[in-house]
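Right, one structure below, let's go through it.
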Amino acid sequence: MFTPDFYLPELDLYIELTTLRQKLITEKNRKIRKIRELHPEIHIKLLNKSDYYKLLAKYGYGPLGGSKVEGINKVLFSHTQIQRRVISLAKRISQDYQDRNLVLVGVLKGVICFISDLMQHISIPVNVEFMAISYYGTDKEQAVKITKDLDASIAGRDVLMVEDIVDTGMTLNYLLNHLYAHNPASLKVCALLDKRIRRLVDIPIDYIGFEIPDEFIVGYGLDYHGEYRNLPFIGVLNPEIF
Ligand code: PRP
């Protein structure tokens, strides 16, 4: 008798998980070989403990222990938690903008993961525009410079500004003023992460994913010196790193 732990329909693959030590899994290996002989059409893989932990860590489920992502202290939001929240935001946006002329405006680069997932779950037609900015002066608060502006006109259209994170609010404040000057029919804000505790400019955010504590976070688009953007989860950076 052999009952694999999981079946992954998209891969047509059965998974047998084992937490036994390597030298103790001979019997399982023998059973799997037997199944393959008897039913060559069945695809099955044995995942041992370390493979299992690596997979968990990759998708943001603790413990990071065995296959730690260097520099990450803890997972704040797992891939699944993020996806659930993004889907619920997309649902609300789809309802609120029914029969409207919606343009999503994202600011590069931190927003890439969020806007990409969000737009895929919005069920009404949307247009997507990107802007890029840089900061000059010694501090972000001093000045924002637009290095890439909108490609299409937003005059008379319903604009939803999409941000990965709102921290001091200075960037958003600047960008909203810039967008208002282009006469949109409406202008609202959707931010995945709200670090409200650090706010300097009070800007209303219409759609918020999560409120977060004052910690340095990376992953799911957010970086530290250009790194970590590709993590599928959001984690807290070890303070020793920055
Ligand atoms: C982040 C984020 C916002 C800005 C928010 O961008 O995408 O645009 O900071 O900060 P504020 O509320 O204090 O103004 P970042 O400068 O990290 O650039 P990136 O998007 O290219 O990573």
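Only the coordinates and a few stated rules stand behind these numbers; no lab work does. Bear in mind that the values here come from a model prediction, so they are computed numbers and not experimental data. Note that we place each Cβ from the backbone using ideal geometry, even for glycine, and neighbour counts take in every protein chain shown.
Okay, helix-only estimate at 222 nm for the chain: each DSSP H run of n ≥ 4 adds -39500 (n - 2.57), divide by all residues, round to 500 deg cm²/dmol; what do you get?
Computed ellipticity for the chain at 222 nm equals -8000 deg cm²/dmol.
Once amide H atoms are placed 1.01 Å from N in the peptide plane, what residues at a sequence separation of 5 or more from Gly209, or on another chain, have their amide H within under 5 Å of its amide H?
Counting only residues 5 or more places away or on other chains, the set is Ala191, Leu192, Leu193.
With a cut-off of 20 Å, note down the residues of the range 86-110 whose backbone N falls inside the zone around a label point 7 Å from the Cα of Ala132 toward its beta carbon.
Under 20 Å, as judged by backbone N against the label point of Ala132, lie 104-110 of the range 86-110.
So, by mean Cβ neighbours within 10 angstrom, what's the order for 175-186, 219-230 with the highest one leading? Walk me through the intermediate numbers first.
Details: 175-186: 14.4, 219-230: 17.4.
Highest-to-lowest ranking by the protection proxy: 219-230, 175-186.
Can you pick out the pairs among Lys109/Lys195; Lys148/Lys195; Lys74/Lys188; Lys34/Lys74 whose Cα atoms lie more than 29 Å from each other? Show your work: numbers first, answer last.
Values: Lys109/Lys195 18 Å; Lys148/Lys195 26 Å; Lys74/Lys188 32 Å; Lys34/Lys74 41 Å.
Long pairs (Cα-Cα over 29 Å): Lys74/Lys188; Lys34/Lys74.
How big is D for the chain, in µm² s⁻¹ as a whole number, if Stokes-Einstein is applied with the Kirkwood radius of its Cα pairs at 25 °C and 0.890 mPa s?
On the way: Rh = 20.7 Å.
Rounded to a whole number, D works out at 119 µm²/s.
Only bridges whose two residues both fall in the range 124-242 count here: according to DSSP, what percent of them are antiparallel, nearest 5? If you can, show how the numbers build up before the last one.
Values: 9 of 21 bridges.
Rounded to the nearest five, the antiparallel share is 45 percent.
Beta carbons within 10 angstrom, averaged per residue: use that to sort the peptides 117-123, 100-106, highest first.
Working: 117-123: 16.6, 100-106: 20.6.
With the highest mean Cβ count within 10 Å placed first, the list reads 100-106, 117-123.
Per residue of the range 17-26, what does 6.51 cos²θ - 1.76 cosθ + 1.60 with θ = phi - 60° give for ³J(HN,Hα)? Whole Hz please, x for Gly and Pro, Karplus curve as stated.
Result, ordered by residue: 9, 9, 9, 6, 5, 3, 6, 9, 9, 4 Hz.
So for each of 79-90, 194-205 I average, over its residues, the number of other beta carbons within 10 Å; can you give me the resulting order with the highest mean first?
Ranking the peptides 79-90, 194-205 by packing returns 79-90, 194-205.
Quick one: Cα centre-to-centre distance for the range 197-211 and the range 92-132, in angstrom?
If you average the Cα positions of each part, the centres end up 18 Å apart.
So which trypsin sites (Lys or Arg not before Pro) in the range 110-160 end up in coil per DSSP with only 12 or fewer other C-beta atoms within 10 Å? Intermediate results must be reported in sequence, preceding the final value.
Working: sites: Lys140, Lys145, Lys148, Arg157; in loops: Lys140, Arg157.
Here no trypsin sites (Lys or Arg not before Pro) fit, given the DSSP loop and packing criteria.
What is the dipole size for the chain, taken about its Cα centre, with +1 at each Lys and Arg Cβ and -1 at each Asp and Glu Cβ, in debye to the nearest 20? If you can, show how the numbers build up before the last one.
Details: 30 positive and 30 negative charges, 229 e Å.
Computed about the Cα centre, the dipole is about 1100 debye.
Per residue of the range 94-103, in order, report the coupling 6.51 cos²θ - 1.76 cosθ + 1.60 (Karplus, θ = phi - 60°) as ³J(HN,Hα) in whole Hz, putting x for Gly and Pro.
4, 5, 5, 9, 3, 6, 10, 10, 7, 10
Each residue of the range 147-155 in order: what ³J(HN,Hα) in whole Hz does its phi give by Karplus 6.51 cos²θ - 1.76 cosθ + 1.60, θ = phi - 60°, with x for Gly and Pro?
9, 9, 9, 4, 8, 10, 6, 10, 4
Mind checking which of Pro232, Leu187, Tyr207 is farthest towards the positive end of the range 179-242's charge dipole, using Cβ charges of +1 (Lys, Arg) and -1 (Asp, Glu) about the Cα centre?
Leu187
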